[in-house]
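The values are calculated or read from the model by the stated rules, or taken from the named source; none is laboratory data. Bear in mind that the values here come from a model prediction, so they are computed numbers and not experimental data. Using ideal geometry, Cβ is built from the backbone for each residue, glycine included, and neighbour counts are taken over all protein chains shown. Ligands, DNA and RNA are stripped out before the accessible areas are found, and what is left, the full protein with its side chains, is counted by its heavy atoms. Shrake-Rupley method; radii C 1.70, N 1.55, O 1.52, S 1.80 Å.
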Amino acid sequence: MKLKHIAFCVAALMPAMGAGAAQAQEEIIFGISAATGSLQEQTASEFARRVNEKLDGKAVVKVFDSSQLGKDKDMLQKIKLGTMHLTLPSSTMPDIAAEYAIFDLPFLVADREHLKKIDETLFKDVLVPAAEAQGYRPLAIWENGFRQITNNERPINTPEDLSGLKIRTPNSSWRVAMFKEYGANPTPMGFSEVFVALQTGVIDGQENPLTNIAAGKLNEVQEYLSLSGHVYSPAYPTVGLAAFEKLDPEIQTVLAETAQEVAGWARDTGASKDDDLLKQLEESGMKVNKADRAAFVEASKPLYEKFATEVENGQAMIDQVLSLADGS
């Protein structure tokens, strides 16, 4: 009698266990290197909110910021291997495909409206195929922002003011080449290491959008903020191609479509916060100056020559992007 009762209980539980297993959510792991509160983190969180709402329990996107899952290059390897699903590289993308170095050409992107036109013309036809050839698929162009220079030695008005300064750059060969042209001593390192490196004097300064400077609290360890706007660096929500294609087709579609939707939100949010962030950093004690744009443009010419000669169809890409700024 007792054995019959146990068998009945097990039989009764089986349907409930099956239903629970069927309803288990698939977790979409999204790792980023940017700090909590940065525009990249805010955009990733907005993306996750929208995706989770659309999928309504079928899957859930979870965002891990501040390099919790590794540095940019580590996370790119993980999405390729399929041990995580999404990451948000920015300045490291030219090391995946040289075409992405178009965004490392100083002063090429005039403003966010110009960036939108670049997105609409180059992204699908040039940038996506270049990354796919290496096993990656960027889903959209989000904003990292216009980059500015901070340091503890002096205001940076011209490239000559950078002479000899140890300036942290991302792990990007193009950004290193840029700051060598300007006379600095570029020192690549992950963003998560920058605060301590500045605090201990391992480096003199760094360059980043205002949102990253504020979110990383770099104003606490930097005295001068020089508004150079030398590069507009996008961020690319990116998947490993092989792992992405194993996801349920509905999940693939929602991720891709939502990434595109959020691109406009990121640009609008970035534009709306620039003035407030600058005021916040100035009020925190940073000494702010506007760099001599003409002097930096002149010093940047060798980088355009490098791109034109080293990247396939490089000059054609430069000409196309410049024509979009002219409105032609």
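For region 161-218, which residues satisfy the criterion of being over 21 Å from P89 (Cβ atoms) and among the basic types (K, R)?
K166, K180, K217
All but one of (1) assigned to a loop (DSSP other than H, G, I, E, B); (2) open to solvent by 10 Å² or more (accessible area, probe 1.4 Å); (3) not aromatic (F, W, Y) hold for M84, so report the exception by its number.
(2)
Report the residue count in region 25-73 for those that are farther than 18 Å from E257 by Cβ, open to solvent by 70 Å² or more (accessible area, probe 1.4 Å) and without any contact (Cβ under 8 Å) to a residue 40 or more places away in the chain.
Of the residues in region 25-73, 4 are farther than 18 Å from E257 by Cβ, open to solvent by 70 Å² or more (accessible area, probe 1.4 Å) and without any contact (Cβ under 8 Å) to a residue 40 or more places away in the chain.
Collect the residues in region 247-283 that are loosely packed, with under 13 Cβ neighbours inside 10 Å and either within 27 Å of L218 (Cβ to Cβ) or touching a residue at least 12 places away in the same chain (Cβ under 8 Å) (or both), keeping them in residue-number order.
D248, E250, D268, S272, D275, D276, K279, E283 - these are the residues of region 247-283 that are loosely packed, with under 13 Cβ neighbours inside 10 Å and either within 27 Å of L218 (Cβ to Cβ) or touching a residue at least 12 places away in the same chain (Cβ under 8 Å) (or both).
Can you spot a residue in region 186-194 that is in contact (Cβ under 8 Å) with a residue 60 or more places away in the chain and open to solvent by less than 20 Å² (accessible area, probe 1.4 Å)?
Among the residues of region 186-194, at least one is in contact (Cβ under 8 Å) with a residue 60 or more places away in the chain and open to solvent by less than 20 Å² (accessible area, probe 1.4 Å), which makes the answer yes.
Would you check if V297 is in contact with a helix residue (DSSP H, G or I) (Cβ under 8 Å, 6 or more places away or on another chain), hydrophobic (A, V, I, L, M, F, W, C) and modelled with pLDDT of 95 or more?
For V297, the condition - in contact with a helix residue (DSSP H, G or I) (Cβ under 8 Å, 6 or more places away or on another chain), hydrophobic (A, V, I, L, M, F, W, C) and modelled with pLDDT of 95 or more - is not met.
Give, as residue ranges, the strands (runs of 3 or more DSSP E) completely inside region 223-328 that count at least 1 residues that are over 19 Å from the mean Cα position of the chain (by Cα).
Of the strands (runs of 3 or more DSSP E) lying wholly inside region 223-328, those with at least 1 residues that are over 19 Å from the mean Cα position of the chain (by Cα) span 224-227, 287-290.
Checking Q134 against (1) touching a Gly at 6+ places or on another chain (Cβ under 8 Å); (2) surrounded by fewer than 23 Cβ atoms within 10 Å (Cβ to Cβ); (3) over 24 Å from L281 (Cβ atoms), which test does it fail?
For Q134, the exception is condition (1).
Checking I149 against (1) touching a His at 6+ places or on another chain (Cβ under 9 Å); (2) open to solvent by 10 Å² or more (accessible area, probe 1.4 Å), only one condition comes out false. Which one?
Checking I149 against (1) touching a His at 6+ places or on another chain (Cβ under 9 Å); (2) open to solvent by 10 Å² or more (accessible area, probe 1.4 Å), the one that fails is (2).
When you scan region 118-127, do you find a residue that is open to solvent by less than 10 Å² (accessible area, probe 1.4 Å), closer than 17 Å to P170 by Cβ and either among the polar types (S, T, N, Q) or touching a Phe, Trp or Tyr at 6+ places or on another chain (Cβ under 8 Å) (or both), even just one?
no
Among T211, T238, which is the only one that is modelled with pLDDT of 95 or more, closer than 19 Å to F103 by Cα and in contact with a Gly (Cβ under 8 Å, 6 or more places away or on another chain)?
From the options T211, T238, the qualifying one is T211.
If you check D292, D326, D276, which single one turns out to be of a type outside the set (F, W, Y) and within 22 Å of M178 (Cβ to Cβ)?
After ruling out the rest, the residue left standing is D292.
Filter region 284-294 down to residues that are in contact with a helix residue (DSSP H, G or I) (Cβ under 8 Å, 6 or more places away or on another chain) and open to solvent by 30 Å² or more (accessible area, probe 1.4 Å) and give me whichever is nearest to F146 (Cα to Cα).
Looking at residues that are in contact with a helix residue (DSSP H, G or I) (Cβ under 8 Å, 6 or more places away or on another chain) and open to solvent by 30 Å² or more (accessible area, probe 1.4 Å), I get V288.
Is there any pair with a first residue in region 93-121 that is more than 17 Å from P302 (Cα to Cα) and assigned to a helix (DSSP H, G or I) and a second that is at pLDDT below 95 and open to solvent by less than 10 Å² (accessible area, probe 1.4 Å) whose Cβ atoms are under 8 Å apart and which are 6 or more apart or on different chains, and what are they?
Partner pairs satisfying both residue conditions: P94/S172; D95/S172.
Out of R147, R175, R154, R168, report the one residue that is in contact (Cβ under 8 Å) with a residue 60 or more places away in the chain, under 20 Å from L277 (Cβ atoms), among the basic types (K, R) and touching a strand residue (DSSP E or B) at 6+ places or on another chain (Cβ under 7 Å).
R147
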